[in-house]
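S.K.: Once you've had a glance at the structure underneath, I'll fire off some questions.
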Amino acid sequence: MTREPVRVARCDSHVHTAFSPDSRQSMADQCARAAALGLDAVCFTEHLDFSEQSRGYYCPQAYFSELQRLREAYDGQLKLLAGLELSEPHQHQKELEWAQTQPYDFILGSVHYWIHGLFPSQMQELHMDVADCFARYWDEVLQMARCGGFDTVAHLDFPKRYFRVLKYDPAQIDEIFQAMIKNNLTLELNTSSLRRGMDETMPGDALLRQYIAQGGQYVTLGSDAHKATVLYRDVPTAQAYAQSLGLVPVWYEKRKRRTLAL
Ligand SMILES: [Zn+2]
Ligand SMILES: [Zn+2]
């Protein structure tokens, strides 16, 4: 019997559960919340990190097994997508190549750790120069975009969530967008900064407009929820905003970009 495919109009493409080292929320709880919100799809993009605290935490066997169980439970109601948020994929080629062989629907590339593997909150504790931290962050993002091999660049201006300012060289941002477009990488619109008292998504208006000016067309949308209470938070607003700029909201299935049904 062929089943009507789920029409995907409401999707959160960046969600964590206890399969990530920094979330305690069960995948079952995230699914229950997604169903209660009337979402069509949710993508569990667990962290694969290489920091001292996180290394070895992620267990793909357990992840795929629980995902399969929940896919059966929510069959026909809620599409559960297999995702991965890979930290610094350009520095972890072996893991990136491994991820490409696994049944993921979607792979996010993120720069979380840079300058001797520090996280931005650690850079703050060390009172490191913010301008320098940003400059070296963008160098890493450019290398990641040039490397490619994943689907979407997560939270492009991530350090602003910690440093509460944003510093960049527009010419370097253009280089990043050009490399992304060349490597068929999509830009993420991440709403987690709005829950942390900032007035802009990651990235915000200026960088989005620069993306469009460089020929960028597509965005994925994600809450980056580590708790069920914030699943899909601010995503509809971000989506409407992206559309108002002429961007096309997309999601991924089997590593293929699909347009959200509107
Ligand atoms: Zn992240
Ligand atoms: Zn995340």
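The values are calculated or read from the model by the stated rules, or taken from the named source; none is laboratory data. Model, not experiment: these values are computed from the prediction. Neighbour counts run over all protein chains shown; Cβ positions are idealised from the backbone, glycine included.
S.K.: With respect to Glu46, determine if the residue is surrounded by fewer than 21 Cβ atoms within 10 Å (Cβ to Cβ) and not hydrophobic (A, V, I, L, M, F, W, C). Even if it seems obvious, please write down each step before you answer.
M.R.: Details: surrounded by fewer than 21 Cβ atoms within 10 Å (Cβ to Cβ): no; not hydrophobic (A, V, I, L, M, F, W, C): yes.
Answer is no for this residue.
S.K.: Pairs, please: C-beta under 9 Å, at least 6 apart or cross-chain, first residue touching a residue at least 60 places away in the same chain (Cβ under 8 Å) and in region 137-165, second assigned to a helix (DSSP H, G or I) and of a type in the set (D, E, K, R)?
M.R.: Gly149/Glu97; His155/Arg161
S.K.: Report whether or not Arg196 is within 16 Å of ligand 1 (Cβ to nearest atom), surrounded by fewer than 15 Cβ atoms within 10 Å (Cβ to Cβ), closer than 22 Å to His47 by Cβ and of a type in the set (D, E, K, R). Show your work before the answer.
M.R.: Working: within 16 Å of ligand 1 (Cβ to nearest atom): yes; surrounded by fewer than 15 Cβ atoms within 10 Å (Cβ to Cβ): yes; closer than 22 Å to His47 by Cβ: yes; of a type in the set (D, E, K, R): yes.
Answer is yes for this residue.
S.K.: Which helices (runs of 4 or more DSSP H) does region 120-188 wholly contain that include 3 or more residues that are surrounded by fewer than 17 Cβ atoms within 10 Å (Cβ to Cβ) and within 17 Å of the chain's Cα centre (by Cα)? Full working, then the answer.
M.R.: On the way: elements: 120-125, 130-147, 160-163, 170-182.
Once the helices (runs of 4 or more DSSP H) in region 120-188 are filtered for at least 3 residues that are surrounded by fewer than 17 Cβ atoms within 10 Å (Cβ to Cβ) and within 17 Å of the chain's Cα centre (by Cα), nothing remains.
S.K.: Residues of region 214-254 being part of a loop (DSSP other than H, G, I, E, B), in contact with a strand residue (DSSP E or B) (Cβ under 8 Å, 6 or more places away or on another chain) and surrounded by 15 or more Cβ atoms within 10 Å (Cβ to Cβ), which ones?
M.R.: Initial filter on region 214-254 (part of a loop (DSSP other than H, G, I, E, B)): 214-217, 223-224, 226-227, 231-234, 245-247, 254.
If we keep only those that are in contact with a strand residue (DSSP E or B) (Cβ under 8 Å, 6 or more places away or on another chain) as well, we get 216-217, 223-224, 231-233, 247.
Matches in region 214-254: Gly216, Ser223, Asp224, Leu231, Tyr232, Arg233, Leu247.
S.K.: Moving on. Does at least one position in region 147-169 carry a residue that is at pLDDT 95 or above, farther than 17 Å from Gln91 by Cβ and small (Gly, Ala, Ser)?
M.R.: No, region 147-169 contains no residue that is at pLDDT 95 or above, farther than 17 Å from Gln91 by Cβ and small (Gly, Ala, Ser).
S.K.: Residue pairs, Cβ under 6 Å, 6 or more apart or interchain, first in region 108-124 and without any contact (Cβ under 8 Å) to a residue 40 or more places away in the chain, second among the basic types (Lys, Arg) and not in a strand (DSSP E or B). List them.
M.R.: Trp114/Arg136; Ile115/Arg136
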